[in-house]
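The block underneath contains the structure these notes are about, expressed in structure tokens.
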Amino acid sequence: MNSPHSNTDFEDGWIAADGWAVLAIAGIVTIILALISLPLGTFALGVMLWLRHTLRAPRRLTPDGHGKVVAPADGVVVEVLDILEERGADERAAHSDMTGAARVTIRTGLADAQLQRSPVAGRIIDNFLIPGLFRGGEELALMRRDNERREISIETEDGARFLLAMIGTATARQLVCRFGPGKFLATGAPLGMARIGGLTDLVIPAGYKVEIEVGRTVVAGETILARR
């Protein structure tokens, strides 16, 4: 029987590497405001403590075993959809190679840990930023169409390719992943973050059975979304 293992690669157990810069700026602002006005300084200190909570790198128990897909982000599952279900007949025919693929969408809250993790063990194939808006609200289709996004493709050793898309929101305006093509990541390894409160799409290829449903709260690196 496989047992979970603690994944601590690239994390310091305190603040995520991609969070230190934000926390440092918040610290400087807090000191300046405290010198100007004690109430302002107290408020800034509260914001800094909130950032320390959301930008942390919590230890996670990633399940062992081949063929498991774990959540890439903390938050709530807001959509689970066949990738071709929302397309028209002509577009479905043009993308017939995606038959059987599914997309799981996770909304990360402002109080959740923002660190994202690799959903599978594999090598990064692509990592690029698509500039756009920072639309908020509940219209997922509009946010996918118009908002800034970072798309990261990860290929497993058996050739399965996963697409993870960080999508900007009204609050998430920095979509960070510093790993380039060729970098190998273990399942559950720190990947980057959408600062703060972003939306995450994970496209799961055919051959995997999705085991998550809308409304479930998921934990990055721990909760199983799908498996072979």
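Within the range 207-215, does at least one residue satisfy the condition of being farther than 26 Å from Asp64 by Cβ and part of a loop (DSSP other than H, G, I, E, B)?
Checked against the condition, which is being farther than 26 Å from Asp64 by Cβ and part of a loop (DSSP other than H, G, I, E, B), the range 207-215 yields at least one hit.
Mind checking which residues of the range 10-58 are over 25 Å from Leu175 (Cβ atoms) and polar (S, T, N, Q)?
Thr30, Ser37, Thr42 - these are the residues of the range 10-58 that are over 25 Å from Leu175 (Cβ atoms) and polar (S, T, N, Q).
If only one of Thr200, Thr187 is outside any strand (DSSP E or B) and touching a Pro at 6+ places or on another chain (Cβ under 8 Å), which one is it?
Result of the check over Thr200, Thr187: Thr187.
Looking at Gly215, Gly182 in this structure, which one is more than 19 Å from Val77 (Cα to Cα) and at pLDDT 95 or above?
Gly182
For the range 177-198, how many residues are surrounded by fewer than 22 Cβ atoms within 10 Å (Cβ to Cβ) and on the phi < 0 side of the Ramachandran plot?
So the answer is 9.
Return only the number of the condition from (1) within 30 Å of Val104 (Cα to Cα); (2) of a type in the set (A, V, I, L, M, F, W, C); (3) in contact with a helix residue (DSSP H, G or I) (Cβ under 7 Å, 6 or more places away or on another chain) that Leu61 does not satisfy.
In the conditions (1) within 30 Å of Val104 (Cα to Cα); (2) of a type in the set (A, V, I, L, M, F, W, C); (3) in contact with a helix residue (DSSP H, G or I) (Cβ under 7 Å, 6 or more places away or on another chain), Leu61 misses (3) alone.
Could you look through the range 139-176, keep only residues that are among the hydroxyl-bearing types (Ser, Thr, Tyr) and farther than 28 Å from Gly65 by Cβ, and pick out the one that is surrounded by the most Cβ atoms within 10 Å (Cβ to Cβ)?
The extreme case among them is Thr169.
Within the range 176-196, how many residues turn out to be out of contact with any Gly (no Cβ under 6 Å at 6 or more places or on another chain) and under 20 Å from Ala111 (Cβ atoms)?
Qualifying residue count, the range 176-196: 6.
The values are calculated or read from the model by the stated rules, or taken from the named source; none is laboratory data. Computed from a prediction, not measured in an experiment: that's the story for all the values here. Note that we place each Cβ from the backbone using ideal geometry, even for glycine, and neighbour counts take in every protein chain shown.
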